[in-house]
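Q: My questions all concern the structure below.
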Amino acid sequence: RYPRSARVRARPEFDAVFTRGRRAAANALFALHHLPADHPARLGLAVSRKVDKRAVVRNRIKRVLRDHFRRERHALPGGDFVVVARAGAARATGAEITSAFRHALRRVALPPS
């Protein structure tokens, strides 16, 4: 399961990540924003109709990201992570989405230099 406590859900929570957090990683598939906090890692997803007009494609992207996050959540630093999908994600395979997400999370977990 993916509990509510592991999700960024409310608009003010998303706004806080975008304004006070930092954009930690970006590639052709998505941008990853991170706001460190004391609570366990939570995930928010922003996959708009600009990515693809078909809901089935947008839902597949979200499903792949949630699944990978659920498996890696225990190893991530605390705070809120928000993924903003880009149009390239609609044409990517599940393995490509997972690989790009893993790379972005690895960059976030490293302390800034």
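Q: Of the residues that sit in the range 47-61 and are touching a Lys or Arg at 6+ places or on another chain (Cβ under 7 Å) and without any contact (Cβ under 8 Å) to a residue 40 or more places away in the chain, which one is farthest from Ala85 (Cα to Cα)?
A: Asp52
Q: Of the residues in the range 2-24, how many are in a loop (DSSP other than H, G, I, E, B) and closer than 14 Å to Pro36 by Cβ?
A: 2
Q: Now a separate question. List pairs: first in the range 68-86 and farther than 15 Å from Tyr2 by Cα and in contact (Cβ under 8 Å) with a residue 24 or more places away in the chain, second surrounded by fewer than 22 Cβ atoms within 10 Å (Cβ to Cβ) and of a type in the set (Ser, Thr, Tyr), Cβ under 8 Å, 6+ apart or cross-chain?
A: If the second residue must be surrounded by fewer than 22 Cβ atoms within 10 Å (Cβ to Cβ) and of a type in the set (Ser, Thr, Tyr), the pairs left are Ala85/Ser48.
Q: Could you check, for the range 1-13, whether at least one of its residues is touching a helix residue (DSSP H, G or I) at 6+ places or on another chain (Cβ under 6 Å) and of a type in the set (Ser, Thr, Tyr)?
A: Yes, the range 1-13 contains a residue that is touching a helix residue (DSSP H, G or I) at 6+ places or on another chain (Cβ under 6 Å) and of a type in the set (Ser, Thr, Tyr).
Q: Looking at the range 79-91, is at least one residue open to solvent by 50 Å² or more (accessible area, probe 1.4 Å) and in a helix (DSSP H, G or I)?
A: Looking for residues that are open to solvent by 50 Å² or more (accessible area, probe 1.4 Å) and in a helix (DSSP H, G or I), one finds at least one in the range 79-91, hence yes.
Q: Tell me, please, whether a residue that is out of contact with any helix residue (DSSP H, G or I) (no Cβ under 7 Å at 6 or more places or on another chain), exposed (fewer than 14 other Cβ atoms within 10 Å of the Cβ) and either among the hydrophobic types (A, V, I, L, M, F, W, C) or assigned to a loop (DSSP other than H, G, I, E, B) (or both) can be found in the range 57-74.
A: No: zero hits.
Residues are listed down the side, and each one gets a yes or a no for (1) surrounded by 12 or more Cβ atoms within 10 Å (Cβ to Cβ); (2) of a type in the set (Ser, Thr, Tyr); (3) in contact with a Pro (Cβ under 6 Å, 6 or more places away or on another chain); (4) at pLDDT below 95:
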site: Tyr2; (1), (2), (3), (4): yes, yes, no, yes
site: Ser5; (1), (2), (3), (4): no, yes, no, yes
site: Glu13; (1), (2), (3), (4): yes, no, no, no
site: Val17; (1), (2), (3), (4): yes, no, no, no
site: Ala24; (1), (2), (3), (4): yes, no, no, yes
site: Ala28; (1), (2), (3), (4): yes, no, no, yes
site: His39; (1), (2), (3), (4): no, no, no, yes
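Q: Among the numbered criteria (1) at pLDDT 95 or above; (2) open to solvent by less than 50 Å² (accessible area, probe 1.4 Å); (3) of a type in the set (Gly, Ala, Ser), which one does Ser48 miss?
A: (2)
The values are calculated or read from the model by the stated rules, or taken from the named source; none is laboratory data. Not measured: the values here are computed from a predicted model. Please note: Cβ atoms are built from the backbone with ideal geometry, for glycine as well, and neighbour counts cover all protein chains shown. Note: accessible area is taken over every heavy atom of the protein model, side chains too, but ligands, DNA and RNA are not part of it. Shrake-Rupley method; radii C 1.70, N 1.55, O 1.52, S 1.80 Å.
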